[in-house]
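Accompanying notes for the structure given below.
The values are calculated or read from the model by the stated rules, or taken from the named source; none is laboratory data. Note that the structure is predicted; figures quoted are calculated from it, not measured. We place every Cβ from the backbone using ideal geometry, glycine too, and count neighbours over all the protein chains shown.
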Amino acid sequence: MKTNFDFLMPSVNFFGPGVIAKIGARAKMLNMRRPLIVTDKFLASVPNGPVTQTLASLDEAGVAYAIYDEVEPNPKVRNIQAAKALYLAEHCDSIITVGGGSAHDTGKGTGIILTNGDDITTLAGIETLDNALPPLMAVNTTAGTGSELTRHCVITNEATHLKFVVVSWRNIPLVSFNDPALQLDVPAKLTAATGMDAFVQAIEPYVSTNRNAITDGQCLQAIRLIEQSLRQAVANGHDLDARTKMVEAEMLAGMAFNNADLGYVHAMAHQLGGQYDAPHGVCCALLLPIVEEYNLIACPDRFAELARAMGENTDGLSTREAAELAIKAMRQMAKDVGIPASIKALGAKPEDFPLMAENALKDGNAFSNPRKGTKEDLIALFQQAYDAE
């Protein structure tokens, strides 16, 4: 556990039903004269949805804007290049992202190439950015990625089918908005996928080699909240209490992994997402119990604590027995919310596993995994996820 560390998060974070109405006033305070709204076509078309409410708040504050609504899942290099072109053509001076992780990553990526050079693929890595991004605010609409809070920008190179990450404190939005009321109509499958992403992002930092005392508390509370609310949010999207708890959990997990980092689940999930354009949260959920079972011997006491946070009764059990209950609870959560059993459902092919394993070990998330594996180890983990029933 680290005792000397920095702790990064947006300087202002609005939370709770109705906070979307504050965005216009905050944009004005930041002297945003013409922000580029970065979102997708679906959200832009929802009557009285997140985009409509964002624009209404900006209109009320007298803030002009332009709209880029071509965000794709697993955002591509082409998306940020197109957004940059519109930003320049419309004489924008700032960025407001509206959506989940894909919108936030697209907005961050756009900001990166506006101020740090047009080829973002050369900037993959940690603290590679020399210049500040344009002012950035993030309106979040899913309880999952935590991207509205973090220094991570995840982009897919469509030419190579590889996801890469630009990690920098400069990527952190100035202001985040998490309004649970915006999520009441999120479909069950998306709720499950994004919720499992938050679950993974609470678990991986807790066993990360970069963990610290602050992130430990955030992880455990996030896990408790997800145990209390994810199943309910999937079953009934209009359960505002469940939605609110999931947003609280997502924020805590986002803050935790922003500072303690992740592990092989995300390193491997990035390969599945890049290769097969698969939903990130589903990739993470499918890999979670398999990777953490592999990690268990590195820190069984940590997994025993995770089991208790997940509501498992560990009275009278050895540390190892309690730790194994955590893996069982992870599998049960994924099953309950409808995650498929195998990465076969994503179109995975065993012949791709060697290259995917090699690239996963190069992913920035791999370095904080608690157990150090080889290429052959990760091939075996991909195979287990493929053979799972």
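If I ask for residues that are outside any helix (DSSP H, G or I) and either under 25 Å from N212 (Cβ atoms) or free of Cβ contacts under 8 Å to residues at least 12 places away in the same chain (or both), which ones from region 223-255 would you list? Break it down into steps so the answer makes sense when it comes.
So the first thing to find is which residues in region 223-255 are outside any helix (DSSP H, G or I), and the list is 236-239.
Hits for region 223-255 are N236, D239.
Please name all residue pairs, on different chains or six or more residues apart, with Cβ atoms under 8 Å, provided the first residue is in region 64-76 and is within 13 Å of S147 (Cβ to Cβ) and the second residue is part of a strand (DSSP E or B).
Going by the 8 Å Cβ cut-off, the qualifying pairs are V71/V38; V71/D40; V71/G99; N74/T156; N74/K163; P75/V154; P75/I155; P75/T156.
Are any residues in region 263-306 more than 26 Å from K76 (Cβ to Cβ) and of a type in the set (D, E), and if so, which ones?
Residues satisfying the conditions are E292, E293, D301, E305.
With the checklist (1) touching a helix residue (DSSP H, G or I) at 6+ places or on another chain (Cβ under 6 Å); (2) in a helix (DSSP H, G or I) in hand, flag the one item F7 doesn't pass.
Status for F7: all satisfied but (2).
What are the residues in region 48-60 that are within 17 Å of D179 (Cβ to Cβ), surrounded by fewer than 18 Cβ atoms within 10 Å (Cβ to Cβ) and either not assigned by TED's automatic domain parsing to the domain that holds A85 or not β-branched (V, I, T) (or both), if any?
Filtering region 48-60 down to residues within 17 Å of D179 (Cβ to Cβ) leaves 48-58, 60.
Then drop every residue that is not surrounded by fewer than 18 Cβ atoms within 10 Å (Cβ to Cβ), which leaves 48-49, 52, 56, 60.
N48, G49, A56, E60 - these are the residues of region 48-60 that are within 17 Å of D179 (Cβ to Cβ), surrounded by fewer than 18 Cβ atoms within 10 Å (Cβ to Cβ) and either not assigned by TED's automatic domain parsing to the domain that holds A85 or not β-branched (V, I, T) (or both).
Which residue is surrounded by the fewest Cβ atoms within 10 Å (Cβ to Cβ), if the candidates are limited to region 144-170 and must be aliphatic (A, V, I, L, M) and more than 20 Å from N259 (Cβ to Cβ)?
A159
Those residues that are buried (at least 21 other Cβ atoms within 10 Å of the Cβ) and either basic (K, R) or part of a loop (DSSP other than H, G, I, E, B) (or both), I need them from region 115-143; list them, please.
Hits for region 115-143 are L129, L133, T141, T142, A143.
Go through N4, N13 for me and flag whichever is farther than 17 Å from C92 by Cα, surrounded by fewer than 14 Cβ atoms within 10 Å (Cβ to Cβ) and not acidic (D, E). Step through it out loud before you land on a result.
Details: N13 fails: surrounded by fewer than 14 Cβ atoms within 10 Å (Cβ to Cβ).
Just a single option satisfies the conditions, and that option is N4.
Which one is surrounded by the most Cβ atoms within 10 Å (Cβ to Cβ) among residues in region 367-384 that are in a helix (DSSP H, G or I) and touching a Lys or Arg at 6+ places or on another chain (Cβ under 9 Å)? Break it down stepwise before answering.
From region 367-384, those in a helix (DSSP H, G or I) are 367-368, 375-384; that's our starting set.
Restricting the remaining residues to those that are touching a Lys or Arg at 6+ places or on another chain (Cβ under 9 Å) gives 368, 377.
Details: S368: 21, D377: 15.
Of everything passing the filter in region 367-384, S368 is surrounded by the most Cβ atoms within 10 Å (Cβ to Cβ).
So which residues in region 330-350 are without any contact (Cβ under 8 Å) to a residue 40 or more places away in the chain and under 17 Å from F199 (Cα atoms), if there are any at all?
Q332, K335
Step by step: first the residues of region 285-320, then only those that are part of a loop (DSSP other than H, G, I, E, B) and on the phi < 0 side of the Ramachandran plot, then the one that is surrounded by the most Cβ atoms within 10 Å (Cβ to Cβ). Which residue is that? Spell out how you get there, then give the answer.
Just the residues of region 285-320 that are part of a loop (DSSP other than H, G, I, E, B), to begin with: 299, 310-318.
Still in the list and also on the phi < 0 side of the Ramachandran plot: 299, 310, 312-315, 317-318.
Working: C299: 19, M310: 21, E312: 19, N313: 10, T314: 16, D315: 7, L317: 15, S318: 11.
Checked region 285-320; the qualifying residue surrounded by the most Cβ atoms within 10 Å (Cβ to Cβ) is M310.
Out of G144, G125, G195, report the one residue that is at pLDDT below 95 and under 14 Å from the mean Cα position of the chain (by Cα). Show your work before the answer.
Working: G125 fails: under 14 Å from the mean Cα position of the chain (by Cα); G195 fails: at pLDDT below 95.
Answer to the selection: G144.
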